[in-house]
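The values are calculated or read from the model by the stated rules, or taken from the named source; none is laboratory data. Being a predicted model, the structure only gives us computed values, none of them experimental. Positions of Cβ are backbone-derived with ideal geometry, glycine not excepted, and every protein chain shown enters the neighbour counts. Accessible surface is based on the protein model in full, side chains and every heavy atom, while ligands, DNA and RNA are left aside. Shrake-Rupley method; radii C 1.70, N 1.55, O 1.52, S 1.80 Å.
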Amino acid sequence: MRKKVIGLIDGQSGNIGSINKAIKEIIKGRPYQLKIIRGEFDYSLFNKIILPGQGAYATLISNLKKLKIYKPLKKYLENNCSYLGICVGMQILSDQGHEDKTTRGLGIISGEIKKFKSKKLIIPHMGWNSISLNKEDPIITNNLDNKDFYFVHSYIFQNIKKSNVLANTHYGKKFPSIIKKGNIYGVQFHPEKSHKYGLNLIKNYILKS
Amino acid sequence: MLKTRIIPCLDVIKNKVVKGVNFKNIKVMGNAVEMARYYSLSGADELCMLDINASYQNRKTFIKTVEAIAKVINIPLTVGGGISVLDDITDLLNSGADKVSINSAAVKNPKLIRQASLKHGSQCIVVAIDGKRHENKMKVVVKGGREITKKELIAWAKQVQSLGAGEILMTSMDTDGVQNGFDSSMLKKVTSNVTIPVIASGGVGNLEHFYLGHLTKSTGLLAASVFHSGKYKIQSVKKYLKNKGVPVRL
C-alpha cells in the first residue's frame, strides 16, 4: 500500500522542531511518511499539509510567496485538500489580516484577523486556556472539550461564519480557537506545545480526519 | 479562562542544573535533560533554562543541552543567559527554544529588543529585568545584582514593552534566593505599568508565596529551589492554588 504523505511547511516563521517531532512520534509504525516543504511543490503528491506559524501575518504571507509555496498551497486549499494551520498558519486562511498594515490572505475561510480590542487585557494572550466545543468533529473527540491548550497571540479570527467555528476560547471575550471548512482546519493555539492533549489533537488530525 | 503558569527554572552550567548564583558554592542538582523531562511530565506549564556560566567552552555543551531538552518536552521552553547579539538569539531559537530571554544585553543595547522582535516576532522575545531598591528608588541592576545601572525600573519596563518585548521576566534582587516570598510591591508596580505578561521571579519559599505572587497580577510564577529540592511538586502547588480560587491547568 502506498504510504500517505504528510507535508510540513517550513515558512520560516518560528521553529518547526516541536511539530516535526510530534508528527514523527504519531506516524511511527504507521503507513505515513513526512516530507518537509521548503519551496515550490507539487500539491497533488500530498495527502495532508500542516503549516505552523508564529509572528506576523504579513511576514508569513511574504515568506510563503518568496519561497514559492504560496501558489501551490492556495491551489491545494482551493481543492479542499486536508490541511491543518497552526496559529498564524490558521490566520492566513482568512481574507485579510490587519497587523501593522492590511495584508491579503489566502481567502479560504471568510473572515479577517484583528487585534484583541480591550485596554484591560494583557496582550499577548499567552499561556494555557481552555476550549469549548461547538460541535463534534473527528479531530476534537469529546475528551478534548474544556481541556487547556497553549496560546500565544495578539490577533484573532473575526467576522467568521458560525458554521466554520468548531471551538471557542474565552479571553476578554469569546473568539474562535478551532475553525474548519471542508477538510481544512485551523487552530489558534499551539498543539505541539500543549502536552498530551495537544498531541491527541494532532494525532486525531492525522489518523482520523 | 487563562491559567496562571507555574514555571520551574533551571540554572544550567553545560548540561547540569546547579543551585544558586554564588559561584563559590556551586551544588549540582541534577542532569538538565532529565529534570526538564520530569517537569514537563509532572505538569509544568513552561520551562525556563538559563546558562549561568556562558563561557566559550561551556556554551557548546549548553546549546546541545537545549537541543536535547527541546526533544523530550512538549511544553514551551524559554532559554536565557549568554546572549549578546542577534545571532545568539537566532541560534537558540534554531536549537529548539520557543522563547529567548535577554537581560544585560538589552540593558546595554536596547535596540536589540526591537531587532529581535522584528526578526522573530514579539511572542518569542522575553526581556528579563533584575530590579533592586537603591536610595529609595527601584533601579535596574545587572551582573546578578552587583552592578546598579542608571535605569529606573518602571521606565525600563515600559521601554522594553514599547521596543517590542512580548513578556517580562521580573526578578527582584531584594528577595531572590531568600525564600521569603516574591517582591509583591515591586511586581505590582511593574504589572500596573505594562500591558504585556509579567512572570514573577525571586523568593518563593512556601505555597502561600505562589498565591501572593498571583495577587500581583503576574501571569507566570517562576521558582527553582522549592521544586529542585523536592519540597513541592508542581501538582501540589497547583492544587493549593486551585483551592484558593486561582485558575491553573491540572
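Tally up the carbon and sulfur contribution to the accessible surface of the protein assembly as shown as a whole percent, 1.4 Å probe, everything protein left in place. After summing per-atom areas, the C and S share lands at 49 percent. Only one residue of A:Ser154, A:Phe175, A:Gly53 has its Cα farthest out toward the positive end of the dipole of the protein assembly as shown, where Lys and Arg carry +1 and Asp and Glu -1 on Cβ, and that residue is A:Phe175.
Remark: mean inter-chain Cβ contacts per residue of A:121-133 equal 6, using a 10 Å Cβ-Cβ cutoff to other protein chain atoms. For B:Met1 and A:Ser163, a Förster radius of 22 Å and the Cβ-Cβ distance give a FRET efficiency of 0.25, rounded to the nearest 0.05.
Think of segment B:5-243 as a dipole: +1 on every Lys or Arg Cβ, -1 on every Asp or Glu Cβ, centred on the Cα centre; then among B:Gly81, B:Leu153, B:Pro197, B:Leu153 lies furthest on the positive end. When DSSP beta bridges are restricted to pairs lying wholly in segment A:4-208, around 55% turn out antiparallel.
Among rounded, prolate and oblate, which fits segment B:124-219 when a ≥ b ≥ c are the square roots of the eigenvalues of its C-alpha gyration tensor, a/c under 1.5 means rounded, and a/b larger than b/c means prolate?
Oblate shape, in that a/c is at least 1.5 and b/c is the bigger or equal ratio.
Measuring nothing but how far apart in sequence close Cα pairs (under 8 Å, 6+ apart) lie, relative to its length, chain A scores a relative contact order of 19 percent.
For B:Asp174, the residues whose modelled amide H falls within less than 5 Å of its own, excluding neighbours fewer than 5 places apart on the same chain, are B:Arg133. The mean number of Cβ atoms from other chains found within 10 Å of a Cβ in peptide A:189-199 is 3, as a whole number.
For segment B:5-243, a crude dipole built from +1 on the beta carbon of Lys and Arg and -1 on the beta carbon of Asp and Glu, taken about the Cα centre, is about 220 debye to the nearest 20. Annotation for B:Leu215 and B:Lys27: the two label points, set 7 Å from Cα along the Cα-Cβ direction, are 3.0 nm apart.
Surface burial for A against B, with a 1.4 Å probe and both sides summed, reaches about 2200 Å² of accessible area. The residues neighbouring B:Thr65, those whose beta-carbon lies less than 13 Å from its own, together hold a net charge of +3 under the Lys/Arg +1, Asp/Glu -1 convention. Among beta bridges identified by DSSP and lying wholly in the protein assembly as shown, the antiparallel ones come to about 45 percent. Rounded to the nearest whole Hz, the Karplus-based 3J(HN,Hα) values (6.51 cos²θ - 1.76 cosθ + 1.60, θ = phi - 60°) of segment B:76-81 follow the sequence x, 10, 9, 10, x, x, with x at glycine and proline. For chain A, the dipole from Cβ point charges (+1 on Lys and Arg, -1 on Asp and Glu) about the Cα centre works out to 140 debye, to the nearest 20.
Net charge dipole, the protein assembly as shown: roughly 520 debye, given to the nearest 20, about the Cα centre with Cβ charges of +1 for Lys and Arg and -1 for Asp and Glu. For segment A:149-159, putting each phi into the Karplus relation 6.51 cos²θ - 1.76 cosθ + 1.60 with θ = phi - 60° gives couplings of 10, 8, 10, 8, 6, 10, 10, 10, 7, 10, 6 Hz, in residue order, rounded to whole numbers and with x for Gly and Pro. Partner shielding of A:142-154 amounts to 3, given as the average count of beta-carbon atoms from other chains within 10 Å of each residue beta-carbon. Tell me, what is the Rg over Rh of chain A, with Rh the Kirkwood radius over Cα pairs? Answer for chain A: 0.93. Once the mean of 1/r is taken over each pair of separate Cα atoms and inverted, chain B shows a Kirkwood hydrodynamic radius of 17.9 Å. When chain A is treated as a Gaussian network with alpha carbon springs shorter than 10 Å, the biggest mean-square fluctuation among A:Ser18, A:Ser194, A:Ser130 belongs to A:Ser18. Unpaired cysteine residues in chain B (no second Cys Cβ under 4.7 Å): B:Cys124. Amide H contacts for A:Asp145 (H built 1.01 Å from N in the peptide plane; partners 5 or more residues away or on another chain; cut-off under 5 Å): none found.
Comparing A:Leu60, A:Leu45, A:Leu199 in a Gaussian network model of chain A, where Cα atoms under 10 Å apart are tied by springs, the biggest mean-square fluctuation is seen for A:Leu45. For chain B, relative contact order (Cα pairs under 8 Å, six or more residues apart, normalised by length) works out to 18 percent. With both residues required to sit in chain B, DSSP beta bridges show an antiparallel share near 30%. Between A:Val5 and A:Ser44, what is the label-point separation in nm under the 7 Å Cα-to-beta-carbon projection? So the two model labels end up 1.1 nm from each other.
Close amide H partners of A:Val5, meaning residues 5 or more places away or on another chain with modelled amide H under 5 Å apart, are A:Gln33, A:Asn47, A:Lys48. Computed over protein heavy atoms with a 1.4 Å probe, the accessible surface of segment B:129-200 works out to 45 Å² per residue. Using θ = phi - 60° in the Karplus curve 6.51 cos²θ - 1.76 cosθ + 1.60, the 3J(HN,Hα) couplings for segment B:229-234 round to 6, x, 4, 10, 8, 4 Hz; x is entered for Gly and Pro.
Straight-line cross-link partners of A:Lys101 among the lysines, defined as a Cα under 21 Å from its Cα and at least 8 positions apart when in the same chain: A:Lys65, A:Lys66, A:Lys114, A:Lys115, A:Lys117, A:Lys119, B:Lys119. Which of these, B:Gln115, B:Gln57, B:Gln161, has the largest mean-square fluctuation under a Gaussian network model of chain B (Cα springs below 10 Å)? Most flexible of the set in this elastic network: B:Gln57. Which of the three applies to the protein assembly as shown, rounded, prolate or oblate, going by the alpha-carbon gyration tensor with a ≥ b ≥ c and a/c under 1.5 meaning rounded? Because a/c hits 1.5 or more and a/b exceeds b/c, the protein assembly as shown counts as prolate.
If I take every Cα pair under 8 Å that is 6 or more residues apart in segment A:73-146, average their sequence separation and divide by the length, what percent do I get for the relative contact order?
Relative contact order comes out at 19 percent.
Protection proxy ranking for B:98-106, B:30-38, A:133-141, using the average of other Cβ atoms within 10 Å per residue and placing the highest first: B:98-106, B:30-38, A:133-141.
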